[in-house]
Amino acid sequence: MKIIDEKSYMAAMNRLEELECIVTDDTPATDPNYMELDALIDAIDVYEEKAYPIAKPTLAATIKLRMYEMGLTQTALSKKLGVSTSALRRYITGQTEPALPVARRISSSLNISPAIVLGV
């Protein structure tokens, strides 16, 4: 089964709902409904990966999220990182990227993956 457009995607989603009401944990893997459900889930996953890709998080968005989660203001975070508030503002707006020593402090202080901090 292959989903080629939004119309077939919606039809697949409707059929998925129907099958989820029929197939239970006790349904054997050899049951036709179980096999259809399994194939349908795979087809939906393939279509969604292409039609609705999830972008990699940006450093700016990740810093803002961590600030919110940790209850930090820009002033508090700039002190924690040892940078000026204007430098932090430039990182948050995406105007500049931090130098490697600052990137390391951002990664460790905010528990952000080095891959996100370095943009890889």
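Looking for whichever is in a loop (DSSP other than H, G, I, E, B) and among the charged types (D, E, K, R) here; the options are Lys56, Lys64. Which one fits?
Lys56
Listed here are the residues, each with its yes/no results for (1) open to solvent by 90 Å² or more (accessible area, probe 1.4 Å); (2) of a type in the set (A, V, I, L, M).
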{"residue": "Thr27", "(1), (2)": "no, no"}
{"residue": "Pro32", "(1), (2)": "yes, no"}
{"residue": "Leu37", "(1), (2)": "no, yes"}
{"residue": "Ile41", "(1), (2)": "no, yes"}
{"residue": "Asp45", "(1), (2)": "no, no"}
{"residue": "Ile54", "(1), (2)": "yes, yes"}
{"residue": "Thr58", "(1), (2)": "no, no"}
{"residue": "Thr62", "(1), (2)": "no, no"}
{"residue": "Tyr68", "(1), (2)": "yes, no"}
Single residue of Thr93, Thr58, Thr62, Thr75 found to be among the β-branched types (Val, Ile, Thr) and without any contact (Cβ under 8 Å) to a residue 12 or more places away in the chain: Thr75
So which residues in region 15-25 are surrounded by fewer than 10 Cβ atoms within 10 Å (Cβ to Cβ) and within 28 Å of the chain's Cα centre (by Cα)? Glu17
Being of a type in the set (Phe, Trp, Tyr) and at positive phi is the filter here; which residues of region 59-111 pass it? none
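The values are calculated or read from the model by the stated rules, or taken from the named source; none is laboratory data. Computed from a prediction, not measured in an experiment: that's the story for all the values here. Note that each Cβ is placed from the backbone with ideal geometry, even for glycine, and that neighbours are counted across all protein chains shown. Ligands, DNA and RNA are excluded from the accessible area calculation, which covers all protein heavy atoms including side chains. Shrake-Rupley method; radii C 1.70, N 1.55, O 1.52, S 1.80 Å.
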